[in-house]
Amino acid sequence: MDTSKEMNMTTATILTVDGVLVCGRRVLLIERTKAPFMDKLVFPGGHVEGGESLEEAVVRELMEEVGVEVAESDLHYLIELSAPGRDPRPGHRTAHVYWMPVSEDVLASAMAGSDARAVHIVDLDSLTPDRMGFDHYRAIECLRKILAN
């Protein structure tokens, strides 16, 4: 068994992105179909592919996971989620979370795609940490502060 390869898998930093679609004080979340955090609410997102910027990855992931097209110019950086152990899978996953204001029509057009059992439009103030997967609730807290100003 090649332990050096195994060690690299557990110590490698893996870049991920998440996109938060916001309309007023409501956000779009997806219900995960697989572990980790199966059945929990999370932001649409995923891994950054080779040669892709963070913003390009957010645009791609939103299209793949909920069928919503957004422009890179509409993205606002929200927070980096990088605590060790935030994701129980091998490797150290660091998530860069972006948010963007969208219309009611955009939220209504969203459909569950890859990795999503269902799309949920949820009032920002009704969310609690126990309903959410990963450490996405930290991003909700940050978004609440931004929208309060």
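The values are calculated or read from the model by the stated rules, or taken from the named source; none is laboratory data. Predicted, not measured: the structure shown is a model, and the values here were computed from it. Cβ coordinates were reconstructed from backbone atoms using ideal geometry, including for glycine residues, and neighbour counts include every protein chain displayed.
Taking the condition of being outside any strand (DSSP E or B), charged (D, E, K, R) and crowded, with 18+ Cβ neighbours inside 10 Å, how many residues in the range 90-114 meet it?
Of all residues in the range 90-114, those outside any strand (DSSP E or B) come to 90-91, 102-114.
Narrowing the set further to residues that are charged (D, E, K, R) leaves 104-105.
If we keep only those that are crowded, with 18+ Cβ neighbours inside 10 Å as well, we get none.
Within the range 90-114, residues that are outside any strand (DSSP E or B), charged (D, E, K, R) and crowded, with 18+ Cβ neighbours inside 10 Å number 0.
Counting only residues that are within 14 Å of the chain's Cα centre (by Cα) and not in a helix (DSSP H, G or I), how many does the range 58-67 have?
Looking only at the range 58-67, we keep the residues that are within 14 Å of the chain's Cα centre (by Cα), and these are 58-66.
Going one step further and asking which of them are not in a helix (DSSP H, G or I), we end up with none.
Of the residues in the range 58-67, 0 are within 14 Å of the chain's Cα centre (by Cα) and not in a helix (DSSP H, G or I).
Considering only the range 36-57, I want to know if a residue exists there that is in a strand (DSSP E or B), among the hydroxyl-bearing types (Ser, Thr, Tyr) and touching an Asp or Glu at 6+ places or on another chain (Cβ under 9 Å). Walk me through how you get there before you give the answer.
Taking the range 36-57 and keeping what is in a strand (DSSP E or B), we get 41-42, 45-47.
Narrowing the set further to residues that are among the hydroxyl-bearing types (Ser, Thr, Tyr) leaves none.
Taking every residue of the range 36-57 in turn, none turns out to be in a strand (DSSP E or B), among the hydroxyl-bearing types (Ser, Thr, Tyr) and touching an Asp or Glu at 6+ places or on another chain (Cβ under 9 Å).
Please pick out the residue among Met7, Met38 that is loosely packed, with under 13 Cβ neighbours inside 10 Å, within 18 Å of Ala118 (Cβ to Cβ), at pLDDT below 95 and more than 12 Å from the chain's Cα centre (by Cα).
Details: Met7 fails: within 18 Å of Ala118 (Cβ to Cβ).
Met38 is the lone residue from the list that is loosely packed, with under 13 Cβ neighbours inside 10 Å, within 18 Å of Ala118 (Cβ to Cβ), at pLDDT below 95 and more than 12 Å from the chain's Cα centre (by Cα).
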Hits in the range 46-72 - residues which are within 17 Å of Leu107 (Cβ to Cβ) and not β-branched (Val, Ile, Thr): Glu61, Leu62, Met63, Glu65, Gly67, Glu69, Ala71
